[in-house]
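Read through the structure below, which is laid out as structure tokens, and then see the notes.
Throughout, read-outs are computed from the coordinates displayed, never taken from laboratory work. The model shown is predicted, which means the values in this text are computed figures rather than measured ones. A quick note on method: Cβ atoms are made from the backbone with ideal geometry, for glycine too, and the neighbour counts reach across all protein chains shown.
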Amino acid sequence: MKNIKKIILFMIAVMFFSLIFIPSISNAVTIEVDSEDDLISAINTANETDIIQLSTNIEITRPIEITDKTIIINGNGHTISRNTNNWTPNQSNATLITAGIDSTVTLMNLNLTNSQKYGAQAYNGGYLIVDNVTISNCGFGGILVNAGTLEVRNLSLNRNGQNSNNGIEIAKSSTISESDNQPTVIMNGTLSSTEQENVIYIAINDALAEFNIENTPNTVNKILSDGNKVVITDQNNNVVYESNSSSNVDIDGETFIENILITIHLMDKSTSFTVPQGTTLTKAQVQERINLQGLGLTGYTIDGFFTDPNYTTEYNFATPFVTNTTLYAKLSTITTQVKDVTPKTGIEDYLGIPVLVIALSVFGIIALKRKEF
């Protein structure tokens with residue numbers, strides 16, 4: 001009876017899954033577009049799981065603003081750009097693509113170029129994801145994070161801006177100053193730029209008072225606060241880009257900790273590596289960073305690390321590394337034990353048998369002689 005009940009419950013669960021989830025999966029489609037009208041029509045009619053895919057480069061004559069929708073646009077390596085001859089922006093926006101209120105917009109495998117203002121925008125709570133996106137030659141900047149959220153999975157920035165470069169601008173315009181939404185930038189992959197200036201730009205003279213920064217566990221580049229500015233670091237915690245400073249803005253997120261240099265001397269060789277200031281390492285973790293073979297020290301082993309070249313004071317690895325540090329590794333040669341390869345005859349194993357036989361014989365002779373008497 002119990003088995004029948006389990007079978008019935010299992011069948012009900014399977015039917016529930018089929019009715020709820022399978023239709024949404026099977027109904028997902030790829031919508032091919034090759035013109036501005038097709039693109040806008042697809043945005044208006046697409047379901048959340050649909051993928052709008054460009055089959056050619058598309059010039060648009062007006063900004064595309066997406067609200068209250070979840071949209072995926074796959075450029076398939078193509079470009080969306082402004083038609084300079086017929087461009088008619090509205091009063092508040094001249095950006096190519098905007099993720100507006102209550103929207104989640106994913107742009108992937110796409111080039112954005114030649115915008116009057118920005119290539120893309122995350123506006124007032126809108127969520128914008130860029131994945132394998134390149135932005136270039138836009139009048140004001142690459143991406144405007146205007147009280148929305150930008151998630152960077154793979155973004156390449158070329159020069160954007162008129163008088164100076166402006167990559168990702170963090171802002172909150174006066175028209176939405178009363179909104180509870182704050183700009184947020186999430187690093188979830190890689191960010192590169194052909195320019196060094198203002199790859200991240202903190203807006204001034206608008207309603208921006210605070211913004212948030214986040215990093216996913218596996219991101220290659222990180223965005224970190226550093227006083228009144230933010231920095232972008234590589235996977236080794238080296239700063240690759242830094243923003244301008246703004247003393248009037250609070251930055252909520254992970255703080256940048258500067259790298260320090262650890263130098264290891266090994267006889268007449270040396271090697272070095274960096275760690276974030278305040279890092280604690282074990283002896284084994286330091287040894288893992290040293291390639292003895294690569295240093296030409298094959299046949300040696302490390303006995304310990306010392307603070308002086310005479311190996312009198314051993315380093316205390318319970319102490320965090322807070323400044324540039326030099327350590328001296330004491331080495332010794334690896335002694336190879338010679339294995340005894342002499343063939344074993346097994347004689348010693350049988351030596352007790354003759355002794356036992358002799359002893360028994362002696363006892364036997366003595367017993368016989370006693371019997372004779």
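Some observations on this one:
- Extension gain (nm, one decimal) between residue 257 and residue 287, 0.36 nm per residue minus Cα-Cα: 8.5 nm
- Within a straight-line Cα-Cα reach of under 20 Å, residue 283 can be paired with the following aspartates and glutamates, leaving aside sequence neighbours fewer than 8 residues apart in one chain: 303, 308, 314.
- Relative intensity, log₁₀ I(q)/I(0), of the range 28-252 from a Debye sum that treats every alpha carbon as a point, q = 0.15 Å⁻¹: -0.93
- Extension gain, residue 265-residue 234: 0.36 nm per intervening residue step, less the Cα-Cα distance, totals 8.5 nm.
- Note on residue 247 and residue 137: with the Förster distance fixed at 41 Å, the Cβ-Cβ geometry gives a FRET efficiency of about 0.80.
- Extension gain, residue 163-residue 49: 0.36 nm per intervening residue step, less the Cα-Cα distance, totals 37.0 nm.
- Only Cα pairs under 8 Å and 6+ residues apart enter the sum, and on that basis the relative contact order of the range 28-252 stands at 12 percent.
- Cα gyration tensor, the range 259-333 - rounded (a/c under 1.5), prolate or oblate: prolate
- Its relative contact order, with pairs defined as Cα atoms under 8 Å and 6+ residues apart, puts the range 259-333 at 43 percent.
- Distance between the range 207-225 and the range 291-340 - C-alpha centres, whole angstrom: 39 Å
- DSSP bridge orientation in the range 232-328 - percent antiparallel, rounded to nearest 5: 75 percent
- Given R0 = 22 Å, the distance between the Cβ atoms of residue 212 and residue 174 translates into a calculated FRET efficiency of 0.65.
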